[in-house]
There are 2 protein chains.
Amino acid sequence: MTDPTPEPAAPRRRADVERNERAIVDAASRVFSASGVDAPVREVAAAAGVGMGTLYRHFPTRADLMVAVYRHQIDECAEAGPALLASAPSPFVALLAWVHRYVDFLGTKHGLGNVWQGDAPGLTALHQLFLDRLLPVLSSLLDAARESGEVVADVRPYELLRAVGDLVAWTVHDPDYDVRHIVTLLLTGLRQEQPDWEQTDAD
Amino acid sequence: MTDPTPEPAAPRRRADVERNERAIVDAASRVFSASGVDAPVREVAAAAGVGMGTLYRHFPTRADLMVAVYRHQIDECAEAGPALLASAPSPFVALLAWVHRYVDFLGTKHGLGNVWQGDAPGLTALHQLFLDRLLPVLSSLLDAARESGEVVADVRPYELLRAVGDLVAWTVHDPDYDVRHIVTLLLTGLRQEQPDWEQTDAD
DNA sequence: CACGTTACGGAGCGATGTTCCGCTTTGCAA
DNA sequence: TTGCAAAGCGGAACATCGCTCCGTAACGTG
């Protein structure tokens with residue numbers, strides 16, 4: 001589904017190119033797990049046994065590298081959406097379950113939440129991947145929950161996806177802070193119409 | 001450490017010490033406004049007309065500097081709590097208004113949200129200041145709203161303070177993402193009891 | 001096997017955080 | 001007023017990190 005054309009005009013890649021690319025993604029995967037996604041680029045290059053130049057030619061930005069490392073897991077997360085919708089007792093429960101799954105995914109990659117930060121204009125590759133793959137899923141879950149009448153609040157999928165991302169962003173294991181709980185609270189809020197509070201604040 | 005006592009044993013500070021400290025905080029205030037709280041330390045030192053050594057002796061960490069710059073505003077935010085509680089039509093409305101004020105405060109300092117990130121163990125100076133000054137305020141607002149029956153959800157003040165902080169953290173002006181809206185949704189969620197959803201997710 | 005093309009490696013540049021130490025300023029006292 | 005020790009200052013220097021650049025090595029085709 002991702003991977004459109006297998007061989008559009010196959011410019012026949014050199015053997016070392018293939019080999020290095022695998023080595024880099026492999027190393028990055030290991031390094032990210034061990035030191036977080038903010039690990040120095042040099043470290044990844046060293047772990048892969050390639051030079052900086054090679055790494056940068058293959059993955060010009062850190063986000064590109066992260067895409068390569070996490071694309072598979074993101075796809076899995078996306079694909080879980082329809083399945084949950086089909087098996088859950090109600091659309092809202094499915095929504096809740098999916099969002100929790102999303103939280104778990106982000107949470108295990110220490111620091112991945114930054115996806116939503118930084119450059120809004122250029123839209124980093126990873127940011128874009130999240131939008132492409134996850135937004136439609138969340139969108140349909142939300143629609144279903146709205147149709148079933150469980151969700152009544154006016155909220156756009158993008159807002160929700162990003163808000164949850166922000167909440168998880170820097171989660172370190174803190175006994176006093178349970179992201180899942182907060183996320184559940186947020187989703188619970190969707191079940192209520194919101195009065196005209198929006199104007200309530202000062203100034 | 002927060003230095004409550006004016007003169008515990010007044011070791012009589014040198015004049016230049018006083019002068020430099022003022023100059024640094026002043027400069028930092030200007031630089032932070034102009035370039036965000038992540039501005040290079042050198043820039044602040046230059047703007048203050050002092051050397052790096054001087055700056056670091058006065059403020060060993062960036063957080064210490066931020067405390068000096070923002071303490072006043074944080075105090076104002078804290079003091080607004082009781083006032084709002086007294087003047088708002090209901091405790092929940094006061095809670096909502098105060099949280100929005102908190103959001104506005106964080107939002108105007110581009111990047112200040114990082115307070116909650118980083119070292120949980122040592123607790124950065126700024127993090128600690130937020131806890132000391134704002135947590136009690138939010139706590140009392142929340143209690144009041146719970147007593148009035150408007151808030152029924154089980155949530156601790158710390159969770160809420162931090163969640164909102166995370167939501168605002170990197171807010172850049174994005175037409176597709178309105179933090180205030182999301183925060184309102186979150187608070188709305190507090191008005192409902194939460195079913196046993198917490199367990200709903202897979203695995 | 002030779003040669004042109006492609007890719008590689010890592011030194012090097014600029015930016016930033018942080019430390020360290022010789023020199024200056026300050027305040028007290030003679 | 002002047003001398004002096006201590007306190008404080010300045011900024012060079014070191015360490016890291018992101019990123020670029022180009023001489024050199026590897027590849028694969030004829």
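The values are calculated or read from the model by the stated rules, or taken from the named source; none is laboratory data. For clarity, every value in this text was computed on a predicted model and none was experimentally measured. Don't worry about glycine lacking a Cβ; one is built from the backbone with ideal geometry, like all the others, and counts go over all protein chains shown. Surface accessibility is based on the protein's heavy atoms, side chains included, excluding ligands, DNA and RNA. Shrake-Rupley method; radii C 1.70, N 1.55, O 1.52, S 1.80 Å.
Quick notes on this structure:
- For chain A, built as a Gaussian network whose Cα springs stay under 10 Å, the top-fluctuating residue of A:72, A:100, A:127: A:72
- In nanometres and ascending order, the distances from the residue B:139 label point to those of the other copies are 4.5 (point 7 Å from Cα along Cα→Cβ).
- Cα long-axis angle, helix A:179-189 against chain A (0 to 90 degrees, to the nearest 10): 40
- Max mean-square fluctuation residue, GNM over chain B, Cα-Cα springs under 10 Å, options B:63, B:78, B:46: B:46
- For chain B, the longest principal axis of the Cα atoms and the long axis of helix B:157-168 meet at an angle of about 70 degrees.
- Copies compared at residue A:14 - label distances in nm, ascending, label defined 7 Å from Cα in the Cβ direction: 6.2
- For segment B:61-194, the Kirkwood estimate of hydrodynamic radius, built from reciprocal distances between every pair of different alpha carbons, is 15.2 Å.
- Relative to the other identical copies, residue A:36 shows label-point distances of 1.7 nm, where the label point lies 7 Å from Cα along the Cβ direction and values run shortest first.
- The angle separating the long axis of helix A:62-87 from the principal Cα axis of greatest extent in chain A is about 40 degrees.
- A simple charge model with +1 on the Cβ of Lys and Arg, -1 on the Cβ of Asp and Glu and nothing else charged puts the dipole of segment B:61-194 at about 160 debye relative to its Cα centre.
- Top of B:24, B:74, B:182 by mean-square fluctuation, Gaussian network on chain B, Cα under 10 Å: B:182
- Helical mean residue ellipticity (222 nm; -39500 (n - 2.57) per DSSP H run of 4+; nearest 500) of chain A: -20500 deg cm²/dmol
- Axis-nearest residue in chain A [Cβ, rotation onto B], distance in whole Å: A:189, 2
- For residue B:52, the solvent-accessible surface computed with a 1.4 Å probe is close to 70 Å², ligands and nucleic acids excluded.
- Taking all pairs of distinct alpha-carbon atoms in segment A:14-60, Kirkwood radius in angstrom: 10.4
- DSSP loop trypsin sites (Lys or Arg not before Pro) with at most 15 other Cβ within 10 Å: longest gap in chain B: B:15-203
- Counting every pair of alpha carbons in the protein assembly as shown, the share spaced more than 31 Å apart comes to 47 percent.
- Of the whole protein surface, residue B:56 contributes about 110 Å² of accessible area at a 1.4 Å probe radius.
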